[in-house]
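Structure record follows, encoded as structure tokens.
All of the numbers you see were taken from the coordinates with simple rules; none came from a lab. Remember, predicted model here, so these are calculated numbers, not experimental data. For neighbour counting, all protein chains shown are included, and Cβ atoms are generated from backbone atoms with ideal geometry for every residue, glycine included.
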Amino acid sequence: MSLLKRLFGSRDGATPTTAPAEEHKGFTIHPDPINEGGRWRIGARIEKETGGEIKTHRMIRADTLESRAAAVDASLGKARMLIDQQGEEIFR
């Protein structure tokens, strides 16, 4: 295997770098966990279009998990909870 393939991975069977976005109460959640030395920190980008303008909030949590899939699921859950608790206040 070449050095470049080991560094950047092969496209064959590669894990996608982005998870699908999810809609929740008019907000769009883009799960975006952060790889930190083999553990995955919970993170997401939350967006909502208001008055023709897209507002964005970047959510990062201290929690880390062992797999990217678990971090994506947890990121979606935490983002939904944040939206439920704060609504559009997250953009202030």
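Taking the mean number of other Cβ atoms within 10 Å as a proxy for protection, how do you rank 47-53, 85-91 from highest to lowest?
Ranking the peptides 47-53, 85-91 by packing returns 85-91, 47-53.
Check cross-link reach from LYS48 to the aspartates and glutamates: straight Cα distance under 16 Å, and skip same-chain residues fewer than eight apart.
GLU22, GLU23, ASP84, GLU88, GLU89
So for each of 63-71, 75-83, 19-27 I average, over its residues, the number of other beta carbons within 10 Å; can you give me the resulting order with the highest mean first?
Per-residue Cβ counts within 10 Å, averaged per peptide and sorted highest first, yield 75-83, 63-71, 19-27.
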